[in-house]
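The values are calculated or read from the model by the stated rules, or taken from the named source; none is laboratory data. It should be emphasised that the depicted structure is a prediction, and the values quoted were computed from it without experimental measurement. So basically every Cβ, Gly included, is an ideal-geometry build from the backbone, and we count neighbours across all protein chains shown. We work out accessible area using only protein heavy atoms, side chains counted, and drop any ligands, DNA or RNA first. Shrake-Rupley method; radii C 1.70, N 1.55, O 1.52, S 1.80 Å.
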Amino acid sequence: MQTIRINGEGAPLTAFTLADLLAEKGVATDGKGIAVALNGQIVRRQSWMETKLSPGDNVEIVQVRQGG
């Protein structure tokens, strides 16, 4: 099985693009407050649909949350 790392944890590679991965994880991509890095590089929102994932990739998803 091919894997990637998502926020430091191993996961099977089941998504083809960053946008697919965010949809699988239930991350709402229509609002602000989300940042995504692939292998240490920030990926701009307009590139998520065309940014392909590969085995061994490291994805960091950061969501800003309100509250305290």
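The relative contact order of the chain comes to 44 percent, based on Cα pairs under 8 Å that sit 6 or more residues apart. The order of 29, 17 by accessible area, most exposed first and with a 1.4 Å probe, is 29, 17.
Accessible area per residue for the chain in Å², computed with a 1.4 Å probe and the full protein assembly in place, what is it?
70
Taking 0.36 nm per residue of sequence separation and removing the Cα-Cα distance, the residue 42/residue 16 pair yields an extension gain of 7.6 nm.
If the segment from residue 2 to residue 62 were pulled out straight at 0.36 nm per residue, it would be longer than the present Cα-Cα gap by 19.3 nm. Among [x] 37; [y] 42; [z] 48, which one is percent of Cα pairs over 16 Å apart computed from these coordinates? Correct label is [y].
Which of the trypsin sites (Lys or Arg not before Pro) across the stretch 8-68 are loop residues per DSSP, with 13 or fewer other Cβ within 10 Å? Walk me through the numbers before you get to the answer.
On the way: sites: 25, 32, 44, 45, 52, 65; in loops: 25, 32, 44, 65.
Sparse-neighbourhood loop trypsin sites (Lys or Arg not before Pro): 25, 32, 44, 65.
Take the Cα of residue 23, step 7 Å toward its Cβ, do the same at residue 50, and the gap between the two points is 1.8 nm.
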